[in-house]
Amino acid sequence: MKRRLVKVAIWGFGAMGSGMAKMILKKEGFDIVGVSDLYDGYVGKSIFEILSLENPFEHDVLIEKNIERILKEEKPDVVLLATDSFTRKAYEKIKFIIENKCNVISTAEEMAYPYAKEPDLSKEMNRLAKENGVTILGTGVNPGMMMDLLAVCISGVMENVEDMKISRVNSLSPFGPTVMEEQGVGLSLKEFNDKLKNDEISGHVGFIESTYMIAKALGLEVTDFEQSMSPIVTNVDRKSPYGFAKAGDVAGVDMRSFAKLSNNTKIDMVHPQQIEPEMEGTHTGDYIKIKGTPEINLSNVPEVEGGIGTIAICVNMIPHVINSKPGLKTMIDLPVPRAIMGDVRNLIDEE
Ligand code: NAD
(Lines give C-alpha, C1' and ligand atoms only; values in the text may rest on other atoms or scores of the structure.)
Protein backbone atom coordinates (compact mmCIF):
# COMPACT_ATOMS: atom_id res chain seq x y z
CA MET A 1 0.00 0.00 0.00
CA LYS A 2 1.29 3.46 -0.89
CA ARG A 3 1.93 5.92 1.90
CA ARG A 4 -0.44 8.88 2.02
CA LEU A 5 0.59 12.09 0.26
CA VAL A 6 3.19 14.25 2.02
CA LYS A 7 1.26 17.27 3.31
CA VAL A 8 3.01 20.62 2.90
CA ALA A 9 1.92 24.10 4.00
CA ILE A 10 3.64 27.29 2.84
CA TRP A 11 3.86 30.36 5.07
CA GLY A 12 4.92 33.37 2.96
CA PHE A 13 3.96 33.29 -0.71
CA GLY A 14 6.61 35.69 -2.03
CA ALA A 15 9.35 34.87 -4.52
CA MET A 16 10.57 31.83 -2.52
CA GLY A 17 7.26 30.49 -1.20
CA SER A 18 5.51 30.68 -4.56
CA GLY A 19 8.53 29.12 -6.28
CA MET A 20 8.40 26.23 -3.82
CA ALA A 21 4.71 25.71 -4.63
CA LYS A 22 5.53 25.59 -8.35
CA MET A 23 8.32 23.07 -7.80
CA ILE A 24 6.13 20.89 -5.57
CA LEU A 25 3.41 20.87 -8.23
CA LYS A 26 5.88 19.26 -10.66
CA LYS A 27 6.69 16.44 -8.22
CA GLU A 28 4.91 13.23 -7.33
CA GLY A 29 3.56 12.38 -3.88
CA PHE A 30 3.02 15.87 -2.44
CA ASP A 31 -0.16 17.67 -1.40
CA ILE A 32 -0.18 21.42 -0.71
CA VAL A 33 -2.70 21.61 2.13
CA GLY A 34 -2.52 25.35 2.84
CA VAL A 35 -0.82 28.64 2.05
CA SER A 36 -0.70 31.73 4.23
CA ASP A 37 0.37 35.26 3.29
CA LEU A 38 -0.46 38.71 4.65
CA TYR A 39 -0.65 40.46 1.29
CA ASP A 40 -4.24 41.65 0.78
CA GLY A 41 -4.02 41.19 -2.98
CA TYR A 42 -3.50 37.45 -2.39
CA VAL A 43 -5.77 36.67 0.56
CA GLY A 44 -8.78 34.57 -0.50
CA LYS A 45 -7.34 33.86 -3.96
CA SER A 46 -6.50 30.41 -5.27
CA ILE A 47 -2.77 29.75 -5.63
CA PHE A 48 -3.54 28.15 -9.02
CA GLU A 49 -5.06 31.40 -10.26
CA ILE A 50 -2.05 33.38 -9.00
CA LEU A 51 0.45 30.93 -10.52
CA SER A 52 -1.61 30.40 -13.72
CA LEU A 53 -1.26 26.66 -13.26
CA GLU A 54 -3.69 23.77 -13.36
CA ASN A 55 -4.85 22.35 -10.04
CA PRO A 56 -3.75 18.69 -9.81
CA PHE A 57 -5.47 18.17 -6.44
CA GLU A 58 -9.07 17.34 -5.57
CA HIS A 59 -9.25 20.48 -3.42
CA ASP A 60 -8.47 24.15 -4.02
CA VAL A 61 -5.78 26.05 -2.08
CA LEU A 62 -6.96 29.53 -1.13
CA ILE A 63 -4.47 31.89 0.48
CA GLU A 64 -5.30 32.54 4.12
CA LYS A 65 -4.13 35.52 6.15
CA ASN A 66 -3.83 33.46 9.31
CA ILE A 67 -1.97 30.14 9.39
CA GLU A 68 -3.81 28.84 12.46
CA ARG A 69 -6.62 26.93 10.70
CA ILE A 70 -4.14 25.30 8.34
CA LEU A 71 -1.96 24.03 11.18
CA LYS A 72 -4.83 22.84 13.36
CA GLU A 73 -7.17 21.36 10.75
CA GLU A 74 -4.92 20.29 7.87
CA LYS A 75 -2.08 19.05 10.10
CA PRO A 76 0.75 19.44 7.56
CA ASP A 77 3.78 17.17 7.81
CA VAL A 78 5.96 20.20 7.18
CA VAL A 79 5.61 23.98 6.93
CA LEU A 80 7.89 25.85 4.52
CA LEU A 81 8.42 29.22 6.23
CA ALA A 82 9.58 31.90 3.78
CA THR A 83 8.87 35.22 5.49
CA ASP A 84 12.02 36.44 7.27
CA SER A 85 15.80 36.75 7.32
CA PHE A 86 16.47 36.96 11.05
CA THR A 87 15.99 34.28 13.73
CA ARG A 88 14.48 36.75 16.20
CA LYS A 89 11.77 37.71 13.68
CA ALA A 90 11.08 34.12 12.63
CA TYR A 91 11.10 32.75 16.18
CA GLU A 92 7.45 33.31 17.14
CA LYS A 93 6.29 31.77 13.85
CA ILE A 94 8.55 28.76 14.31
CA LYS A 95 7.35 28.34 17.88
CA PHE A 96 3.71 28.44 16.75
CA ILE A 97 4.36 25.85 14.04
CA ILE A 98 6.15 23.41 16.29
CA GLU A 99 3.66 23.81 19.12
CA ASN A 100 1.12 22.60 16.57
CA LYS A 101 3.35 19.54 16.07
CA CYS A 102 4.48 20.30 12.53
CA ASN A 103 8.04 20.16 11.20
CA VAL A 104 9.41 23.42 9.79
CA ILE A 105 11.93 24.42 7.14
CA SER A 106 12.85 28.12 7.29
CA THR A 107 14.53 30.24 4.62
CA ALA A 108 15.68 32.80 7.21
CA GLU A 109 19.40 33.24 6.59
CA GLU A 110 20.23 33.35 10.31
CA MET A 111 18.35 30.07 10.84
CA ALA A 112 20.98 28.27 8.70
CA TYR A 113 23.11 28.25 11.84
CA PRO A 114 21.15 30.08 14.54
CA TYR A 115 23.64 29.08 17.25
CA ALA A 116 26.06 31.71 15.83
CA LYS A 117 24.04 34.78 16.80
CA GLU A 118 21.18 33.46 18.91
CA PRO A 119 22.51 30.67 21.16
CA ASP A 120 19.77 31.06 23.77
CA LEU A 121 16.90 31.10 21.26
CA SER A 122 18.52 28.11 19.55
CA LYS A 123 18.57 26.12 22.78
CA GLU A 124 14.94 27.04 23.36
CA MET A 125 13.95 26.02 19.78
CA ASN A 126 15.78 22.72 20.22
CA ARG A 127 14.00 22.08 23.52
CA LEU A 128 10.57 22.96 22.11
CA ALA A 129 11.09 20.86 18.98
CA LYS A 130 12.03 17.83 21.06
CA GLU A 131 9.13 18.38 23.43
CA ASN A 132 6.72 18.43 20.46
CA GLY A 133 8.41 15.59 18.56
CA VAL A 134 9.23 17.65 15.45
CA THR A 135 12.25 18.99 13.56
CA ILE A 136 13.32 22.55 12.67
CA LEU A 137 15.76 23.23 9.82
CA GLY A 138 17.04 26.49 8.33
CA THR A 139 18.42 26.27 4.81
CA GLY A 140 18.84 28.06 1.49
CA VAL A 141 21.36 28.46 -1.29
CA ASN A 142 23.54 30.76 0.79
CA PRO A 143 23.80 30.34 3.71
CA GLY A 144 22.86 26.68 3.59
CA MET A 145 24.89 25.32 0.69
CA MET A 146 27.23 27.27 -1.60
CA MET A 147 29.48 28.96 0.99
CA ASP A 148 29.29 26.40 3.79
CA LEU A 149 27.88 22.88 3.34
CA LEU A 150 29.69 22.41 0.02
CA ALA A 151 33.04 23.28 1.67
CA VAL A 152 32.25 20.97 4.59
CA CYS A 153 31.42 18.07 2.24
CA ILE A 154 34.58 18.42 0.16
CA SER A 155 36.70 18.53 3.32
CA GLY A 156 35.61 14.91 3.75
CA VAL A 157 38.27 13.86 1.22
CA MET A 158 41.00 15.84 2.96
CA GLU A 159 43.44 14.58 5.58
CA ASN A 160 44.16 18.06 6.77
CA VAL A 161 42.40 21.40 6.27
CA GLU A 162 44.37 24.63 6.44
CA ASP A 163 43.00 27.91 5.12
CA MET A 164 39.74 28.28 3.18
CA LYS A 165 38.76 30.97 0.71
CA ILE A 166 35.14 30.79 -0.34
CA SER A 167 33.81 33.18 -2.99
CA ARG A 168 30.40 33.67 -4.52
CA VAL A 169 30.17 36.26 -7.26
CA ASN A 170 26.49 36.70 -7.94
CA SER A 171 23.90 38.69 -9.77
CA LEU A 172 21.11 40.48 -7.93
CA SER A 173 19.14 40.97 -11.14
CA PRO A 174 16.54 38.19 -10.54
CA PHE A 175 15.55 39.62 -7.15
CA GLY A 176 12.68 41.91 -6.21
CA PRO A 177 12.31 45.34 -4.63
CA THR A 178 13.05 44.18 -1.05
CA VAL A 179 16.46 42.88 -2.04
CA MET A 180 17.23 46.01 -4.11
CA GLU A 181 16.55 48.10 -1.03
CA GLU A 182 18.43 45.84 1.40
CA GLN A 183 21.52 45.94 -0.85
CA GLY A 184 21.40 49.67 -1.61
CA VAL A 185 20.94 49.25 -5.38
CA GLY A 186 20.33 52.61 -7.11
CA LEU A 187 21.55 54.81 -4.24
CA SER A 188 24.09 57.57 -4.72
CA LEU A 189 27.38 56.97 -2.94
CA LYS A 190 26.48 59.56 -0.29
CA GLU A 191 23.06 58.00 0.32
CA PHE A 192 24.70 54.57 0.58
CA ASN A 193 27.30 55.75 3.10
CA ASP A 194 24.66 57.53 5.20
CA LYS A 195 22.48 54.41 5.28
CA LEU A 196 25.48 52.22 6.08
CA LYS A 197 26.29 54.47 9.05
CA ASN A 198 22.69 54.19 10.29
CA ASP A 199 22.67 50.39 9.86
CA GLU A 200 19.99 50.62 7.16
CA ILE A 201 21.70 48.38 4.62
CA SER A 202 21.85 44.71 5.54
CA GLY A 203 23.93 43.40 2.64
CA HIS A 204 24.41 39.63 2.69
CA VAL A 205 23.15 37.99 5.88
CA GLY A 206 24.94 34.71 6.47
CA PHE A 207 28.75 34.96 6.72
CA ILE A 208 28.76 34.42 10.47
CA GLU A 209 26.31 31.49 10.14
CA SER A 210 28.38 29.87 7.36
CA THR A 211 31.62 30.32 9.29
CA TYR A 212 30.23 28.84 12.52
CA MET A 213 28.70 25.94 10.58
CA ILE A 214 32.05 25.08 8.97
CA ALA A 215 33.93 25.42 12.27
CA LYS A 216 31.45 23.16 14.07
CA ALA A 217 31.64 20.58 11.28
CA LEU A 218 35.45 20.51 11.50
CA GLY A 219 35.36 20.17 15.29
CA LEU A 220 36.82 23.66 15.87
CA GLU A 221 35.79 26.92 17.50
CA VAL A 222 35.59 30.39 15.91
CA THR A 223 38.02 32.63 17.80
CA ASP A 224 37.89 35.76 15.59
CA PHE A 225 35.27 36.98 13.16
CA GLU A 226 34.84 40.26 11.31
CA GLN A 227 33.06 41.35 8.17
CA SER A 228 32.96 44.38 5.90
CA MET A 229 30.66 45.84 3.28
CA SER A 230 31.54 48.36 0.56
CA PRO A 231 29.54 49.76 -2.34
CA ILE A 232 30.01 48.56 -5.92
CA VAL A 233 29.80 51.76 -7.98
CA THR A 234 28.83 51.32 -11.61
CA ASN A 235 30.50 53.15 -14.52
CA VAL A 236 27.54 52.54 -16.84
CA ASP A 237 23.76 52.72 -16.43
CA ARG A 238 22.52 49.30 -15.31
CA LYS A 239 18.91 48.14 -15.34
CA SER A 240 17.39 44.90 -14.00
CA PRO A 241 13.69 43.99 -13.72
CA TYR A 242 13.42 45.61 -10.26
CA GLY A 243 16.55 47.74 -10.03
CA PHE A 244 18.23 50.68 -11.73
CA ALA A 245 21.61 52.20 -11.01
CA LYS A 246 22.82 55.06 -13.14
CA ALA A 247 26.51 55.54 -13.87
CA GLY A 248 28.22 56.75 -10.70
CA ASP A 249 25.61 55.18 -8.38
CA VAL A 250 25.57 51.94 -6.40
CA ALA A 251 24.86 48.69 -8.27
CA GLY A 252 25.38 46.40 -5.28
CA VAL A 253 27.64 45.56 -2.37
CA ASP A 254 30.96 43.84 -1.99
CA MET A 255 30.89 41.80 1.21
CA ARG A 256 33.95 40.19 2.84
CA SER A 257 34.52 38.28 6.04
CA PHE A 258 37.61 37.06 7.83
CA ALA A 259 37.61 34.44 10.55
CA LYS A 260 40.15 32.54 12.55
CA LEU A 261 39.44 29.15 14.10
CA SER A 262 40.88 27.66 17.29
CA ASN A 263 43.79 25.94 15.48
CA ASN A 264 44.61 29.14 13.52
CA THR A 265 42.83 27.94 10.35
CA LYS A 266 41.57 30.99 8.46
CA ILE A 267 38.24 31.18 6.66
CA ASP A 268 37.88 34.10 4.26
CA MET A 269 34.65 34.79 2.41
CA VAL A 270 34.19 37.07 -0.60
CA HIS A 271 30.71 37.86 -1.88
CA PRO A 272 30.27 40.73 -4.36
CA GLN A 273 26.61 41.01 -5.37
CA GLN A 274 25.25 43.49 -7.88
CA ILE A 275 22.68 43.90 -10.65
CA GLU A 276 23.81 43.13 -14.21
CA PRO A 277 27.45 42.27 -13.30
CA GLU A 278 28.25 41.25 -16.91
CA MET A 279 27.76 44.83 -18.11
CA GLU A 280 31.16 45.62 -16.67
CA GLY A 281 32.84 42.31 -17.34
CA THR A 282 32.13 40.56 -14.03
CA HIS A 283 31.10 36.93 -14.51
CA THR A 284 29.22 35.10 -11.79
CA GLY A 285 30.49 31.92 -10.16
CA ASP A 286 30.99 29.90 -6.98
CA TYR A 287 34.54 29.08 -5.88
CA ILE A 288 35.97 27.08 -2.98
CA LYS A 289 39.72 26.97 -2.43
CA ILE A 290 41.07 25.01 0.51
CA LYS A 291 44.74 24.74 1.42
CA GLY A 292 45.63 21.42 2.96
CA THR A 293 46.10 17.81 1.97
CA PRO A 294 45.11 17.51 -0.82
CA GLU A 295 44.51 21.06 -2.06
CA ILE A 296 40.97 21.75 -3.24
CA ASN A 297 40.01 24.14 -6.00
CA LEU A 298 36.32 23.92 -6.87
CA SER A 299 34.73 26.24 -9.37
CA ASN A 300 31.20 26.49 -10.71
CA VAL A 301 30.57 29.02 -13.47
CA PRO A 302 28.11 30.71 -13.68
CA GLU A 303 26.82 30.81 -10.09
CA VAL A 304 23.98 28.59 -8.91
CA GLU A 305 21.10 31.03 -9.31
CA GLY A 306 19.98 32.13 -5.86
CA GLY A 307 16.22 31.84 -6.35
CA ILE A 308 16.08 28.37 -7.88
CA GLY A 309 18.79 27.14 -5.52
CA THR A 310 16.89 28.19 -2.41
CA ILE A 311 13.54 26.92 -3.65
CA ALA A 312 15.03 23.55 -4.58
CA ILE A 313 17.03 22.94 -1.42
CA CYS A 314 14.03 23.71 0.81
CA VAL A 315 11.80 21.28 -1.09
CA ASN A 316 14.51 18.65 -1.44
CA MET A 317 15.15 18.65 2.32
CA ILE A 318 11.50 17.82 3.13
CA PRO A 319 11.97 14.01 3.39
CA HIS A 320 15.13 14.41 5.52
CA VAL A 321 13.30 16.73 7.90
CA ILE A 322 10.32 14.38 8.20
CA ASN A 323 12.63 11.41 8.80
CA SER A 324 14.87 13.22 11.27
CA LYS A 325 14.93 12.72 15.02
CA PRO A 326 13.19 15.72 16.68
CA GLY A 327 15.14 18.88 17.48
CA LEU A 328 16.72 21.98 15.93
CA LYS A 329 18.91 20.69 13.10
CA THR A 330 21.30 22.33 10.65
CA MET A 331 22.52 21.22 7.25
CA ILE A 332 25.49 19.44 8.86
CA ASP A 333 23.18 17.25 10.97
CA LEU A 334 20.96 15.81 8.23
CA PRO A 335 21.75 13.46 5.31
CA VAL A 336 23.25 15.16 2.23
CA PRO A 337 20.73 17.04 0.10
CA ARG A 338 19.77 15.48 -3.23
CA ALA A 339 17.19 16.26 -5.90
CA ILE A 340 13.85 14.51 -5.48
CA MET A 341 13.26 12.94 -8.89
CA GLY A 342 10.91 10.06 -8.01
CA ASP A 343 7.80 9.88 -5.84
CA VAL A 344 8.62 11.68 -2.57
CA ARG A 345 6.65 9.06 -0.62
CA ASN A 346 9.36 6.50 -1.38
CA LEU A 347 11.83 8.69 0.53
CA ILE A 348 9.82 8.78 3.74
CA ASP A 349 10.75 6.20 6.39
CA GLU A 350 7.99 3.84 7.52
CA GLU A 351 6.07 5.29 10.47
P1 NAD B 1 9.49 38.07 -0.45
O2 NAD B 1 9.56 39.44 0.13
O3 NAD B 1 9.33 37.92 -1.91
O4 NAD B 1 8.30 37.21 0.25
C5 NAD B 1 7.98 37.19 1.60
C6 NAD B 1 6.48 36.93 1.70
O7 NAD B 1 6.15 36.67 3.06
C8 NAD B 1 5.64 38.12 1.24
O9 NAD B 1 4.68 37.69 0.30
C10 NAD B 1 4.98 38.63 2.54
O11 NAD B 1 3.68 39.14 2.32
C12 NAD B 1 4.93 37.33 3.35
N13 NAD B 1 4.88 37.54 4.80
C14 NAD B 1 5.71 38.25 5.58
N15 NAD B 1 5.35 38.16 6.86
C16 NAD B 1 4.27 37.35 6.91
C17 NAD B 1 3.42 36.87 7.95
N18 NAD B 1 3.62 37.19 9.22
N19 NAD B 1 2.39 36.05 7.61
C20 NAD B 1 2.17 35.71 6.32
N21 NAD B 1 2.94 36.15 5.29
C22 NAD B 1 3.97 36.96 5.59
O23 NAD B 1 10.82 37.34 0.05
P24 NAD B 1 11.47 36.02 -0.58
O25 NAD B 1 12.41 36.38 -1.67
O26 NAD B 1 10.41 35.01 -0.82
O27 NAD B 1 12.39 35.52 0.65
C28 NAD B 1 11.84 35.17 1.91
C29 NAD B 1 12.94 35.24 2.96
O30 NAD B 1 13.92 34.24 2.68
C31 NAD B 1 13.69 36.59 2.92
O32 NAD B 1 13.89 37.08 4.22
C33 NAD B 1 14.99 36.26 2.23
O34 NAD B 1 16.07 37.11 2.62
C35 NAD B 1 15.21 34.81 2.65
N36 NAD B 1 16.05 34.07 1.68
C37 NAD B 1 17.10 33.32 2.11
C38 NAD B 1 17.90 32.64 1.21
C39 NAD B 1 19.06 31.77 1.65
O40 NAD B 1 19.87 31.40 0.82
N41 NAD B 1 19.18 31.37 2.91
C42 NAD B 1 17.66 32.75 -0.16
C43 NAD B 1 16.54 33.49 -0.58
C44 NAD B 1 15.74 34.16 0.35
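Structure summary
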quantity	calculated
Distance in nm between pseudo-label sites at F57 and K291 (7 Å out along the Cβ direction from Cα)	5.3 nm
Residue-by-residue Karplus 3J(HN,Hα) for the stretch 326-337, coefficients 6.51, -1.76, 1.60, Hz, glycine and proline x	x, x, 8, 10, 10, 5, 8, 9, 9, x, 4, x
Label-point separation in nm, S262 to R4, each point 7 Å along Cα→Cβ	4.6 nm
Amide H contacts of K45 (H built 1.01 Å from N, under 5 Å, at least 5 apart or other chain)	I63
Distance from the stretch 20-92 to the stretch 204-245 (C-alpha centre basis), Å	30 Å
For the stretch 149-303, accessible area per residue (1.4 Å probe, heavy atoms of protein chains only), Å²	49 Å²
R338 - accessible surface, heavy atoms, 1.4 Å probe, Å² rounded to 10	120 Å²
Residue with peak Gaussian network fluctuation, the chain [Cα springs, cutoff 10 Å], from L128, L220, L80	L220
From the C-alpha gyration tensor of the stretch 116-182, square roots of 5λ in Å	27, 24, 11
q = 0.10, 0.17, 0.18, 0.22 Å⁻¹: log10 I(q)/I(0) that the Debye formula gives for the stretch 132-229, counting C-alpha atoms only	-0.39, -0.93, -0.99, -1.20
Span from the the stretch 99-150 Cα centroid across to the the stretch 282-300 one, whole angstrom	27 Å
Overall Cα dimensions of the chain, principal axis frame, Å, largest first	56, 48, 36
For the stretch 149-303, the spread of Cα positions along each principal axis, largest first, Å	49, 33, 22
Amide hydrogen neighbours beyond the local backbone of I232, cut-off 5 Å, H modeled	A251, G252, V253, D254
Computed helical MRE - 222 nm, the chain, DSSP H runs ≥ 4 contributing -39500 (n - 2.57), nearest 500	-7500 deg cm²/dmol
Pairwise Cα inverse-distance average, inverted: Kirkwood Rh of the stretch 282-343 (Å)	14.2 Å
Heavy atoms of F96 accessible to a 1.4 Å probe, total area in Å² rounded to 10	60 Å²
Square roots of five times the Cα gyration tensor eigenvalues for the stretch 63-153, Å	23, 15, 12
Full-stretch length increase - K75, K130 - with 0.36 nm per residue and alpha-carbon distance subtracted	18.0 nm
Amide H contacts of T223 (H built 1.01 Å from N, under 5 Å, at least 5 apart or other chain)	K260, L261, S262
Cleavage-rule hits, GluC sites (Glu not before Pro), the stretch 252-330, DSSP coil, Cβ neighbours within 10 Å at most 16	E295, E305
Approximate spin-label separation I332-L298, in nm, with each point projected 7 Å along Cα-to-Cβ	1.4 nm
K165 - accessible surface, heavy atoms, 1.4 Å probe, Å² rounded to 10	100 Å²
In the stretch 1-101, the GluC sites (Glu not before Pro) that fall in loop regions by DSSP, at most 16 other Cβ within 10 Å	E28, E54, E58
Full-extension gain in nm, E162 to M341, via 0.36 nm per residue minus C-alpha separation	60.8 nm
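The values are calculated or read from the model by the stated rules, or taken from the named source; none is laboratory data. This is a predicted model, so every value here is computed, not measured. FYI the Cβ positions are ideal-geometry reconstructions off the backbone, even for glycines, and counts take in every protein chain you see. In case anyone asks, the SASA skips ligands and DNA or RNA and just uses the protein heavy atoms, side chains included. Shrake-Rupley method; radii C 1.70, N 1.55, O 1.52, S 1.80 Å.
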